[in-house]
1. Of a type outside the set (Gly, Ala, Ser), touching a residue at least 40 places away in the same chain (Cβ under 8 Å) and in contact with a His (Cβ under 8 Å, 6 or more places away or on another chain): is that true of residue 96 in this structure?
2. Of the conditions (1) surrounded by 14 or more Cβ atoms within 10 Å (Cβ to Cβ); (2) in contact with a Lys or Arg (Cβ under 6 Å, 6 or more places away or on another chain), residue 117 satisfies every one except a single condition; which number is it?
3. Within the range 135-167, which residues are in a loop (DSSP other than H, G, I, E, B) and closer than 21 Å to residue 41 by Cα?
4. I need the strands (runs of 3 or more DSSP E) fully contained in the range 52-119, keeping only those with at least 1 residues that are within 20 Å of residue 132 (Cα to Cα) and out of contact with any Ser or Thr (no Cβ under 8 Å at 6 or more places or on another chain).
5. If you take the residues of the range 160-182 that are in contact with an Asp or Glu (Cβ under 9 Å, 6 or more places away or on another chain) and surrounded by fewer than 19 Cβ atoms within 10 Å (Cβ to Cβ), which of them is nearest to residue 25 (Cα to Cα)?
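FYI, it's all coordinate maths here, none of it is from the lab. Because the structure is a prediction, the values reported are computed rather than measured. In this analysis, Cβ positions are derived from the backbone assuming ideal geometry, glycine residues included, and neighbour counts consider all displayed protein chains.
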Amino acid sequence: MKKVTQWMSLVLAGLCTQQCTAADYIFDKVGQHVFISFKASHLGYSYILGHFEDFNGRFTYDAADPGSSTVSVTIDVKSLDTDHSERDKHLRGPEYFDVDANPKISFTSTSYAGNKTEGTLTGDLNFCGVDQKVDIAVSKIGEGKDPWGGYRSGFEGSVTLTAADYGLPAWIGDVEVYLVVEGVLVE
């Protein structure tokens, strides 16, 4: 029994080495395991669904101290894609996103409240040249070793933004943003 207890302690200590210390991750864009998508009203009759193709991000995650976790993301607004090239060109123009004046959307977290599996990530969002504090509801999808000898951690999150708060036409109303993030441990 003593050997079993010692063995279990070693196994748990080994698991905790990866999962119980702060670790830095970069978004796994190569494997396309990261998505930033949105849903916005189309004249109040339907919705426009879209996503961004080009973005970078990283996060630090500490299961033992989730409150110390951080996230930063930068999105290239020109990479907006709603599966309709003419609409995309219109949305990138001065009436909406004005990508010439505001080529990037950025988010930097300032705090996290919750436990190691779900909570609220608060941070500074710069969108269309406007800075706002936002709260993103997040939950952990999972983490562990991958088949290539690396270590990964994944989360999902959602936030609803009011278009008029960012200088967009008020008739757009709320924009629902959904994120899936899989990070690869930086060694």
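1. yes
2. Checking residue 117 against (1) surrounded by 14 or more Cβ atoms within 10 Å (Cβ to Cβ); (2) in contact with a Lys or Arg (Cβ under 6 Å, 6 or more places away or on another chain), the one that fails is (1).
3. The initial filter retains those residues of the range 135-167 that are in a loop (DSSP other than H, G, I, E, B), namely 146-150, 167.
Matches in the range 135-167: 167 only.
4. Details: elements: 55-61, 70-76, 104-114.
Those strands (runs of 3 or more DSSP E) span 70-76.
5. Among residues in the range 160-182 that are in contact with an Asp or Glu (Cβ under 9 Å, 6 or more places away or on another chain) and surrounded by fewer than 19 Cβ atoms within 10 Å (Cβ to Cβ), the one nearest to residue 25 (Cα to Cα) is 180.
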